[in-house]
Amino acid sequence: MLELIDVTKTYRTKSRAITALDGLSLRVPERAIFGIAGRSGAGKSTLIRVVNALERPDVGQVLLDGEDLLRLPFKQLRNRRRKIGMIFQHFNLLHSQTVRENIEFPLRIAGTAKVQRRKRVDELVELVGLGDRVKNYPSQLSGGQKQRVGIARALAANPSVLLSDEATSALDSETTDQILELLLSINKELGLTIVLITHELELLRRSATHVAVLENGRLVEHGEVLDLIADVHSRLGRDLLPGFTDAPVAPGRVKVLITAVGSGRHEAMLADIALETGSRFDVVSGGVYEVSTRAVGRFELALDDTASLRRTLGALAERKSISVEFARE
Ligand SMILES: Nc1ncnc2c1ncn2[C@@H]1O[C@H](COP(=O)(O)OP(=O)(O)OP(=O)(O)O)[C@@H](O)[C@H]1O
Ligand SMILES: [Mg+2]
């Protein structure tokens, strides 16, 4: 498990000091796909560089499986860092080296024997679907293929954590989907923990199990994606799926946002609402969305605004795994 405790990192330039991480604490559960969102300059990359020990914080602890990376002597730290793989937005491949040489690079540095290196690269290229490209150079590959090489290289030393900093930002949406699929299968089959930085909330919604939002080096919200989506007070939960639209309602009617997590049968859920509230409703907007690889229904409904409707919907929300939010007048 990966954990940060009270981490502060300040960059000092000639003219000023910038606090990129400000007393940040964060716990990334084993096997999570942990998304990190936040505006440009929020501190996301700094966070990743601190975890990867590329950057040393002013204060704080970075615990990997209970061991503080910041207190390890250099040699041990170098060893532990092998447990952390990293992929980059611009792939960071060695251009004069073949796919095979790029992937085996970290193994060569680690002093792995040639025979084992060969065997490991053979496994990895199969895993990422590049079995027929080992002799190619990066310039002969598409962006998606380059990132597959990046992923294979990151996995070479069998890490337990994979850090991804905007790894799909340079790719088109179809290629992004394929890379995301690959990361999901790696997470599932190898049990790898993945820390995923992206400014694209849709990617996080679909793939992340957990998500944290950084603002000025601080955590403003974090939690399990499915919980956040069901929480009407969560700003992130609101941003992850479409919310209320501007569509007007007839006098005497009220708009309600229903979010149903976990139940695959959304028509049945809507039928229940009709039955239990006894109100004729219109679906104003919404649909079924992929969230954390599951289906979540979110619908904006318009119903007759009565006290009994509010009571019934409140009771329904408590009994079933749905959340209900009334539009503000
Ligand atoms: N080496 C550095 N020297 C000085 N300031 C830095 C350095 N690296 C980052 N910063 C500053 O620290 C803050 C956080 O930067 P960081 O790169 O972590 O943001 P980010 O969330 O990754 O942004 P983006 O989404 O644009 O990649 C920014 O204000 C940035 O200007
Ligand atoms: Mg960044």
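Overview of values
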| item | result |
| --- | --- |
| Residue-span extension gain [D68 to R12] - 0.36 nm each, minus C-alpha spacing | 17.7 nm |
| Spin-label pair Y137/L54, simplified geometry with 7 Å Cα→Cβ offset, distance in nm | 2.5 nm |
| Spacing of the two label points (7 Å from each Cα toward its C-beta) at S321 and E290, in nm | 1.9 nm |
| Cα centroid separation, segment 141-202 to segment 49-128 (Å) | 15 Å |
| Unsatisfied cross-links (Cα-Cα over 25 Å) in the set K75/K114; K9/K146; K119/K188; K44/K114; K83/K188 | K9/K146; K44/K114 |
| Rounded to whole Hz, the Karplus (6.51, -1.76, 1.60) HN-Hα couplings of segment 156-162, x for glycine and proline | 3, 8, 6, x, 9, 10, 10 |
| Solvent-accessible area, 1.4 Å probe, carbon plus sulfur percent, for the chain | 48 percent |
| Two-site FRET efficiency, R328 against S308, from Cβ-Cβ distance with R₀ of 25 Å, rounded to 0.05 | 0.75 |
| For Y137, solvent-accessible area (1.4 Å; no DNA, RNA or ligand), Å² | 90 Å² |
| For D282, residues with placed amide H under 5 Å, excluding near neighbours | A302 |
| DSSP-defined beta bridges in the chain - what % are antiparallel, rounded to 5 | 70 percent |
| Candidate lysines - alpha carbon under 27 Å from K255, same-chain residues fewer than 8 apart omitted | K320 |
| Segment 227-237 - phi-based ³J(HN,Hα) in whole Hz, Karplus 6.51/-1.76/1.60, Gly and Pro as x | 5, 4, 5, 7, 8, 5, 8, 7, 5, 5, x |
| Among A110, G85, A295 - extreme Cα towards positive end, dipole of the chain, charges at beta-carbon | A110 |
| Segment 2-227, relative contact order in percent, only Cα pairs under 8 angstrom and at least six apart counted | 30 percent |
| Dipole magnitude of the chain, debye to nearest 20 (Cβ charges: Lys/Arg +1, Asp/Glu -1, about Cα centre) | 1680 debye |
| Gain on full stretching of the segment that runs from D172 to R108 - 0.36 nm per residue minus C-alpha separation | 19.8 nm |
| Helix 307-319 vs. the chain, principal-axis angle (Cα, 0 to 90°, nearest 10) | 30 degrees |
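The values are calculated or read from the model by the stated rules, or taken from the named source; none is laboratory data. If you're wondering where the values come from, they're calculated on a predicted model, not measured in any experiment. Virtual Cβ from ideal backbone geometry, glycine too; neighbours counted across all protein chains shown. Just so you know, the surface numbers come from the protein's heavy atoms only, side chains and all, with ligands and any DNA or RNA stripped out. Shrake-Rupley method; radii C 1.70, N 1.55, O 1.52, S 1.80 Å.
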